[in-house]
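Worksheet: the structure to be examined is printed underneath.
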Amino acid sequence: MASGEIQHNCIRLRLSEDIPAPYAVFRVLFDSSRSRVVNTRYLYVNDAYCNIAGLQREELIDHEFLELYPLSNVWFPYCQQALEERKAVHACFYSEEAKHWLDFTVGPASAPDTVSFIFTNVDESVMKSRREKNTDEIILLISKLLNNGEDFRISMNHALEQLSAFIHPDRLYVLETDGKTASNTFEWCAEGVTPEIRTLQNLNYDDYLGGWEKYLKKSASVLIADIEELREDDPVDYENLKRQGIHRLAAAPFYDSGKLIGYLGADNYERNDLVNTQAVLNSISYFIGAKIVNHRLMEDLNRLSRTDTLTGVFNRNAMMESMKQLAKRHVPVGLVYADVNNLKYINDTGGHEKGDQALQSAAEMLASRFGKENVYRAGGDEFVVMVPDIAQQEFDTDYEVLSAKRRDRNPEQFSSGAYWCADSSGIEEALRIADQQMYEQKRLFYERKGFDRKESCSFRDKNGRLSRRLC
């Protein structure tokens, strides 16, 4: 080789050092039929390549690739493609020998059967892409769980359990608030972590969650990397978190029409480069908030459809449904049938406001003794009490206490009958017995008051004159 050509090649190789990326030139080694690349030999590497390979230049030049990396033959098809097509080939994958994600281009070099590679370390961009992909997939999966038609509580607990598998916290939870108090309504705990859901109920909002609002002024969520930052500014929250063994937490708020109604929180979550935990919590909190708001709406609608709006007790629809359920259970049940006395007369003489008050007072008295959840307005002036799973002696005592209370306050407020049924499958007949007792008590009331119910509930004065007052 002429001295001029040698000098030219040396200059060209030195210029390769100026390439601001790992660069290498290989001689391609074929099998005997020259149909397949089976190895390569290093002809040149720059310093950047040596750095990424972790080897000195002399450890590479004139060495075959499989001599240094026996299991790394994934590069050879790209070499073959570049030579066959006489053009550059671009690809990206994880290099086991370099322990990096590499974006590379390989193309034919000037000498026969030689190729040159240029590499770019794309760990950061690949990790970012994988992080975004993983984060999106987690959000999609949890959102589907929250909308798969499962029972509300089952669905919420299922979502927390599944989310825990990705962010590995000690504890995942939902806190709900009305702005005055805060309660832990759902919780998932890792093995060995003490549940807190029973202790975190009806807490003062300002003391327990008020300190989190300052984070929401600067960010979409709460991120406390180290609870020590709360020691001075929020000692109540600090002590509460410390008691629970919490070192760091993230919590994403959820809203109803712009009003804060709760948080999705994670205690001692795992710091993971492959998942954006904060983004996951922010997105899933939206779906959880929407599910809670929808559940509350459905509960309100169900409650309205089952509740008597005047008295606040259950209505006839709810009563008929409860009777059907009790008829299938075969349990003891205590029954009371009550009817407000003289309701029409009260309405006619005192106005409907007085009549409403009479109904409300009767419902309140029944609920105070037997529980609001067991009282039904059967219609008009009638109420029914159904207390399941109650012993006869306990029921008799409760009814006697009710009767005594009524005698003390207003003995003529309403008439009632009571019956204890040993087997709720016969509830319809049992309720008829209580109804008959009530009507007998009502008959006696009218007799004492001089009302003749057979004559359209007319009223007789002390001289026996008939007055057309409807009761």
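Give region 349-364 a look and list any residue that's surrounded by fewer than 21 Cβ atoms within 10 Å (Cβ to Cβ) and either under 40 Å from the mean Cα position of the chain (by Cα) or at positive phi (or both), or say none.
If the condition is that a residue be surrounded by fewer than 21 Cβ atoms within 10 Å (Cβ to Cβ) and either under 40 Å from the mean Cα position of the chain (by Cα) or at positive phi (or both), then Gly351, Gln360, Glu364 are the ones that fit.
Are any residues in region 14-69 within 21 Å of Tyr94 (Cα to Cα) and of a type in the set (Gly, Ala, Ser), and if so, which ones?
Answer for region 14-69, where residues must be within 21 Å of Tyr94 (Cα to Cα) and of a type in the set (Gly, Ala, Ser): Ala21, Ala24, Ala48, Ala53, Gly54.
Go through region 162-201 and give me each residue that's part of a strand (DSSP E or B) and over 19 Å from Trp212 (Cα atoms).
Phe186, Glu187, Trp188, Cys189
May I ask you to say which residue of Leu60, Leu55 is over 23 Å from Glu124 (Cβ atoms), within 58 Å of the chain's Cα centre (by Cα) and modelled with pLDDT under 95?
Matching residue, one of Leu60, Leu55: Leu55.
Filter region 162-195 for residues that are within 16 Å of Arg271 (Cα to Cα) and among the charged types (D, E, K, R); which is surrounded by the most Cβ atoms within 10 Å (Cβ to Cβ)?
Once the filter is applied, the top-ranked residue is Arg171.
Take the residues of region 220-260 that are surrounded by 12 or more Cβ atoms within 10 Å (Cβ to Cβ) and of a type in the set (Ser, Thr, Tyr): which is farthest from Glu270 (Cα to Cα)?
Tyr255
Which condition does Cys421 not pass, out of (1) closer than 20 Å to Asn315 by Cα; (2) at pLDDT 95 or above, if it passes all the others?
(1)
Identify all residues within region 149-180 that are touching a residue at least 60 places away in the same chain (Cβ under 8 Å) and not aliphatic (A, V, I, L, M); write none if there are none.
Within region 149-180, Phe152, Ser155, Phe166, His168, Pro169, Asp170, Arg171, Tyr173, Glu176, Thr177, Asp178, Gly179 meet the criteria.
If only one of Val293, Val331 is touching a Pro at 6+ places or on another chain (Cβ under 7 Å), surrounded by fewer than 21 Cβ atoms within 10 Å (Cβ to Cβ) and either β-branched (Val, Ile, Thr) or in contact (Cβ under 8 Å) with a residue 24 or more places away in the chain (or both), which one is it?
Val331 is the lone residue from the list that is touching a Pro at 6+ places or on another chain (Cβ under 7 Å), surrounded by fewer than 21 Cβ atoms within 10 Å (Cβ to Cβ) and either β-branched (Val, Ile, Thr) or in contact (Cβ under 8 Å) with a residue 24 or more places away in the chain (or both).
So that you can scan it fast, the table gives a plain yes or no per residue for (1) in contact with a strand residue (DSSP E or B) (Cβ under 7 Å, 6 or more places away or on another chain); (2) loosely packed, with under 14 Cβ neighbours inside 10 Å:
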site: Leu29; (1), (2): yes, no
site: Tyr44; (1), (2): yes, no
site: Tyr49; (1), (2): yes, no
site: Glu58; (1), (2): no, yes
site: Asp62; (1), (2): yes, yes
site: Phe65; (1), (2): yes, no
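Condition first: in a helix (DSSP H, G or I) and either farther than 19 Å from Ile390 by Cα or touching a Phe, Trp or Tyr at 6+ places or on another chain (Cβ under 9 Å) (or both). Now tell me which residues in region 407-431 satisfy that.
Arg407, Asp408, Arg409, Ala430, Leu431
Does Asp267 satisfy the criteria of being surrounded by 13 or more Cβ atoms within 10 Å (Cβ to Cβ), of a type in the set (D, E, K, R), closer than 16 Å to Glu187 by Cβ and in contact with a helix residue (DSSP H, G or I) (Cβ under 9 Å, 6 or more places away or on another chain)?
yes
Which numbered condition trips up Ile284, out of (1) crowded, with 20+ Cβ neighbours inside 10 Å; (2) in contact with a Phe, Trp or Tyr (Cβ under 8 Å, 6 or more places away or on another chain); (3) outside the structural domain of Leu402 (by TED's automatic domain parsing)?
All conditions pass for Ile284, except number (2).
If the Cβ limit is 6 Å and pairs must be 6+ apart or interchain, which residue in region 203-216 that is in the same structural domain as Val174 (by TED's automatic domain parsing) and in a helix (DSSP H, G or I) pairs with which residue that is surrounded by 18 or more Cβ atoms within 10 Å (Cβ to Cβ) and modelled with pLDDT of 90 or more?
Tyr205/Thr177; Tyr205/Ala182; Tyr208/Ala182; Trp212/Val222; Tyr215/Val222
Those residues that are within 12 Å of the chain's Cα centre (by Cα) and either among the β-branched types (Val, Ile, Thr) or at pLDDT below 90 (or both), I need them from region 261-300; list them, please.
Ile284, Ile288, Ile292, Val293
Restricted to region 387-404, and to residues that are touching a residue at least 40 places away in the same chain (Cβ under 8 Å) and surrounded by 14 or more Cβ atoms within 10 Å (Cβ to Cβ), which residue is nearest to Gly371 (Cα to Cα)?
The extreme case among them is Val387.
Sort out which residues of region 225-240 are part of a helix (DSSP H, G or I) and either closer than 15 Å to Asp206 by Cα or among the acidic types (Asp, Glu) (or both), and write them in order of number.
Hits for region 225-240 are Glu228, Glu229, Leu230, Pro235, Val236, Asp237, Tyr238, Glu239, Asn240.
The values are calculated or read from the model by the stated rules, or taken from the named source; none is laboratory data. All of these numbers come straight from a predicted model, not from anything done at the bench. Positions of Cβ are backbone-derived with ideal geometry, glycine not excepted, and every protein chain shown enters the neighbour counts.
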